Structure formats: structure tokens, C-alpha cells
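Read through the structure below, which is laid out as C-alpha cells, and then see the notes.
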């Protein structure tokens, strides 16, 4: 949909310029809020607003263009970069070059579609890595995450309560027994799972209110009932990391599991009493990956194998640099031809940017994880909690999720913060991670 008047043209240009100015301001709260608004804007399902030649621009494209301008400008004005920032900047440049290469090879539109999620993640993380986060900012980001998760929790409960509710998206019309319970997508479920990991710290803090502890349990129960198996893995993996790194959590794991199980059973009974049977769907969700005839996971793995083998068959150059953004996902699995996304962030990275992009991405995550593990223990709310353990748990949850989906652009906020707080060359001493509630 093109702008209908010159007034709308002026409004878009004015918004873009004001956003760029705000992203550069030295008033940190204003600049950080600009970034948060841009990320929040990107989560809305807006229709196309601007046609620029062969490219259709979306609201989130404008939002992240603002962040990209602010990120590059702040890095140029800020002097020396950290090792993690240099690694991520190199990856961002590689992704941009692969987009230009793909545009010349496959066309501007296909290349733009393939590059878009990488653009959001790269410029978003780079922008949020240009700030020194104080105690108030960290608390604000955590409360933002928990507030959005609370809204998603209420929305999920409401959608479950609507009689004969059916999701209109074609991605939820597969006819599986567990699909009707997936009233929000996997990205929203991951957001709630990560909020549950943040809230889990309340169980290791003696003076923490009961509200924070119940929030963690409620979010965990709803995430399980949403029946996104990739988010189950993300929650379990992140929880395992947090438990292993925090001695106090290890001591109270049994009561947490017991109370969570009781809460899950109670919610199940309430739903069953209301005529909503969830046990059949849960059973199908658990057993489906092991069903040779109907396993969607086996279908995906076969698709990954075909795409990876095709890239290797392209020769040395394809293996090293991929085939550029916009390369076709077309493949024949069994007797069917499909062009849908492979639903694996790492496979997508490899076939589009080759070993250069994939190994670079893994190297960045390994260096970030090492920084998280090496972070010295800090006094947090009177207890010796490793502030890196929370972000490492969040990172692990995102990486596990990425094996079946692409990470959402809201993850760029977490990656950017982690680069600042746990980088090998921090600009200033990082404040202790506060309790989120």
C-alpha cells in the first residue's frame, strides 16, 4: 500500500529523521526507549506502507534502519570497540554483502525477504551494544520483558477461553490434535519461557515476594500447554543452565518441580472441567516426533539434509560463502514439492552465507558464552548470584529455539546487552544484575 498523499510522505520522513536524532542523543533513557519502541513496533503485524522500486518497506524496516543509523554513528563516535562488537560488526557487514550479492543473482525482492531477519538481528544487537547499562536500565529491560510476557499470558488464557476458537493463520491449519492449543506462535511462547527464567531467580531470594515465584510457575505451565516443542526444549535447556550455575537453585529444584506439577495438574483439571481436553493434545505433541509416518520433525530434518547437500554440491565458493540471500528453498521431500523456510536458523545461515557466516555466528556465540561464564560473582540482593548465569540461560534458550525457528528480532536486545555487560573489554564496571521483580 503506497502513501496516499505528500503529507504522509512528509510524516514518514519526519519520523525517520526524529528517530535518527533520538538514537544519537546523549540522554540515555530517551535513546534506549527509542530502541525499545523500534523493537516493539517491529512486533506488530503492520501492512506494507511504502513501495520503493522493487522493494516493499515495512514498519519494522524503518524502525531498524533507525537503529542501524544510530549504531554505526555511535560506534564511529565512541572510539574503540570491544572484541565482541568487532566480531558482530564483521558479521553484519558479511550479511550486507551477501544481500547485495543475492540481489544481483536472485533478484532484489527474494534477497530482501531472506536478508530481512538477519538485518533486524544484526543492527538491533549492534545498537543495543553501544550503551553502558546501569542498574536502572537493567531493571527497566527486565520489567519490560516480564510485562510483555504477562500480556501474552493473559492473551493466551483469553484465547483458550473463547469457544470454538480457531487460529486463522495457515501455519496453524495442519489438523494435528495439539494445534488448537497453539493460540500464540512459537516466538511469543519463547518470550514467556524466557520471562519464566528471569522470574526463576525469585526462588533463590529469601525475601522475594510470592508474586514473583508464582509468575515463574504460571508462565512455565502455560508454555507447556501451548505445546510448542521447540520452546519446551528452550525452557528446559535454559532452566538446566541456570540450575547448574546457581547452587541455591539446585537445592530447591525438587519443591519447584513439585509445585509446578501440582499447578499444571490443577490448570489441566480446570480446563477439562470447562470442556477443553488438553491431555489428548499433549500426548500427540509428545509422540508425534517419534511417528515415522507423520513426524514433522523428520520431515524438517530431511529438508535440511537436501538443502545442505545442495550447497555442498555447488562447489568450494558455495561452501565458503553460500549462495547469497534470496536463494530458493525449493526441495522435494518424499513425493511433495515445498518452498517453505527450512525452519532452522543455522541451516538458513549456511545455505545463504556459507561457512563464513555460520562459523562466524558460532564463534560469536562461543565468545559471548565464555564471557558469561567468566563473569565474576556479584552480590545481588544480598546473595552471591552470577549475573552472567541469567544471560547465559537466555542465550542457551535462544540457540535451542533456533534449531527449528529463526530467533525473533527482540533477541537483539538481549544479545546487545550481553555484549556490553559481559564483553572481554567492558567500557565500565558492569552493575550487579538486580532481581527482576
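The values are calculated or read from the model by the stated rules, or taken from the named source; none is laboratory data. Note that this is a predicted model, so its numbers are computed, not measured. Glycine also receives a Cβ, built like all others from the backbone with ideal geometry; neighbour counts cover every protein chain displayed.
Restricting attention to the range 241-256 and to residues that are part of a helix (DSSP H, G or I) and touching a residue at least 12 places away in the same chain (Cβ under 8 Å), the residue that is farthest from residue 191 (Cα to Cα) turns out to be 248.
Pairs meeting the criteria (first residue in the range 348-368 and at positive phi, second residue buried (at least 24 other Cβ atoms within 10 Å of the Cβ) and at pLDDT below 95, beta carbons under 7 Å, at least 6 apart or on different chains) are 354/322.
Taken over the range 321-336, residues that are loosely packed, with under 13 Cβ neighbours inside 10 Å and over 22 Å from residue 113 (Cα atoms) amount to 3.
Looking across the range 34-68 at every residue that is surrounded by fewer than 18 Cβ atoms within 10 Å (Cβ to Cβ) and closer than 25 Å to residue 421 by Cα, the one that is modelled with the highest pLDDT is identified as 65. Quick check: anything in the range 209-220 farther than 18 Å from residue 194 by Cα and at pLDDT below 70? Scanning the range 209-220 turns up at least one residue that is farther than 18 Å from residue 194 by Cα and at pLDDT below 70.
Those strands (runs of 3 or more DSSP E) of the range 272-389 in which at least 2 residues are at pLDDT below 90 and within 30 Å of residue 244 (Cα to Cα), considering only elements entirely within it, cover 378-380, 383-385.
Does the range 100-112 include one or more residues that are part of a helix (DSSP H, G or I), under 20 Å from the mean Cα position of the chain (by Cα), surrounded by fewer than 20 Cβ atoms within 10 Å (Cβ to Cβ) and modelled with pLDDT of 80 or more? So far as the range 100-112 goes, no, none of its residues is part of a helix (DSSP H, G or I), under 20 Å from the mean Cα position of the chain (by Cα), surrounded by fewer than 20 Cβ atoms within 10 Å (Cβ to Cβ) and modelled with pLDDT of 80 or more.
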